[in-house]
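Accompanying notes for the structure given below.
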Amino acid sequence: MALPEWDGELTSVRYDRGTGAWFVIGVHSTRLGPASGGTRAMVYPSPGDAVADARRLAGAMTLKMAVAGLPMGGGKSVIALPAPRAELGEATWRRILEIHAANLELLGGNYTTGPDVGTCSADMDVLAGLTPHVFGRSVAAGGPGSSGPMTALGVFAAIRAGVAEAGFDGVDGLRVLVQGLGAVGADVARLAADAGAKLIVTDVDPARCAAVADELGAEVVGTGAVTTRECDVLVPCATGGLITAEVAETLPIAVVAGAANNLLADPYAAEVLRRRGIVHAPDFVANAGGAIHLVGREVLGWSADAVADRTRAIGDTLTGVFADARTHGTTTVTAAQDLAARTLTGEH
Ligand code: NAI
Ligand code: PHE
């Protein structure tokens, strides 16, 4: 596999013939502290795509930690599965976690993992039995539990900040479209519904749509409608890459603020959103609640209340990012990257 250049520190790649899985760990930066970022387990078109995803996601973690003021660097694990997880037997999944734990051990604490798409607290419990370099164990196993609820709280703070920047008077009555109703999206939907939003939801899993529609009275739309359905706020909470420059040209929305890491498929999409006056909360700012929860509880010894306060403050950070972007005529991504760079270079 030909690997392109990367500005990160290390990429580890391992193939296991027994399980048919590829294991990738990207350590992007240890400038602010040991690297951290979750473990994503899913099927990829090729091992090269898995490496590219791990590297992109690791880079986003560096920015996320810096903007959130956490003393950690950025990293990410990707496990490219031979088949969807639901089709793997228990023994194969257990073996995959064992190999992942052995890889984490080799990095000797320079990288600590946690949950992400395709893994959960129960998996972190298994990993934690094999290596100490794990955040996000279940509460029953003595950990802080899922990062999903805090990520959702932070995304909702981002939605509020975005809505204010767009000139709306709160979320009440706005049409809010949530894509992906997993650990984060379902909770964001609840928070938006509580605030009086007219909720529209979509997920590839019809059972999740039905459950949220039942609970919150949301309108369900097909997954293809996510970029064409007119609404006030788009909340992407599935996997990344949703918004290309072309999609950005026609998105019928006022605000985009969600959890999906690496939402923009190409960097120019941010410029298109800026030109069209769409308020865009950069993903690595909006979705930092999970990192604040895990690092706050497990490294910094913060209480649950302190974590929630720091997570709500994501809204203030974004208000500053929007103002900087307006003042300097840049995209919000550039403004947020500049904020991260000031921390990474020790300018403040
Ligand atoms: P999850 O795996 O629990 O939920 C993802 C949901 O998206 C699932 O219900 C899935 O069926 C759905 N989905 C997948 N592809 C879809 C598509 N094309 N259209 C509609 N729905 C689709 O994942 P989780 O934890 O909720 O994370 C969501 C996103 O937020 C991911 O990009 C993740 O990296 C990011 N994130 C998650 C954090 C966390 O604390 N869990 C923290 C920061 C970011
Ligand atoms: N995977 C989540 C994220 O992208 C949560 C996480 C944060 C996991 C930090 C490990 C470390 O933010």
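The values are calculated or read from the model by the stated rules, or taken from the named source; none is laboratory data. It should be emphasised that the depicted structure is a prediction, and the values quoted were computed from it without experimental measurement. Positions of Cβ are backbone-derived with ideal geometry, glycine not excepted, and every protein chain shown enters the neighbour counts. Heavy atoms of the whole protein, side chains included, go into the accessibility calculation; ligands, DNA and RNA do not. Shrake-Rupley method; radii C 1.70, N 1.55, O 1.52, S 1.80 Å.
Results, tabulated for the structure shown:
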{"read-out": "Considering only region 10-128, percent of DSSP beta bridges that pair antiparallel, nearest 5", "value": "60"}
{"read-out": "Cβ-based net charge around Asn261, under 11 Å, with every Lys or Arg adding one and every Asp or Glu removing one", "value": "+1"}
{"read-out": "Peptides 21-27, 331-337 ordered by average Cβ neighbours within 10 Å, highest first", "value": "21-27, 331-337"}
{"read-out": "Cβ-Cβ FRET estimate between Ala86 and Ala225, R0 fixed at 35 Å, reported to 0.05", "value": "0.85"}
{"read-out": "Surrounding net charge for Ala211, when Lys and Arg each add one and Asp and Glu each subtract one, Cβ distance under 10 Å", "value": "-3"}
{"read-out": "Mean Cβ neighbour count within 10 Å, used as a protection proxy, ranking 265-271, 188-194 highest first", "value": "188-194, 265-271"}
{"read-out": "Val299-Glu271 pseudo-label distance in nm [points 7 Å out on the Cα-to-Cβ vector]", "value": "3.4"}
{"read-out": "Extreme residue, positive dipole direction of region 10-128, given options Leu127, Pro34, Ile99 (C-beta unit charges)", "value": "Pro34"}
{"read-out": "Trypsin sites (Lys or Arg not before Pro) within region 1-51, DSSP loop, no more than 11 other Cβ atoms inside 10 Å", "value": "Arg17"}
{"read-out": "Whether region 25-119 is rounded, prolate or oblate, judged on the alpha carbon gyration tensor where a/c under 1.5 counts as rounded", "value": "prolate"}
{"read-out": "Heavy-atom accessible area per residue - region 10-128, 1.4 Å, Å²", "value": "36"}
{"read-out": "Heavy-atom accessible surface of region 219-348: percent carbon and sulfur, 1.4 Å", "value": "50"}
{"read-out": "Part-to-part distance (alpha-carbon centres) for region 238-267 and region 187-217, which is given in Å", "value": "20"}
{"read-out": "Highest-first arrangement of 96-103, 42-49, where packing means the average Cβ count within 10 Å", "value": "96-103, 42-49"}
{"read-out": "Carbon and sulfur %, accessible surface of region 10-128 computed with the full protein complex present, 1.4 Å", "value": "54"}
{"read-out": "Surrounding net charge for Val126, when Lys and Arg each add one and Asp and Glu each subtract one, Cβ distance under 13 Å", "value": "-1"}
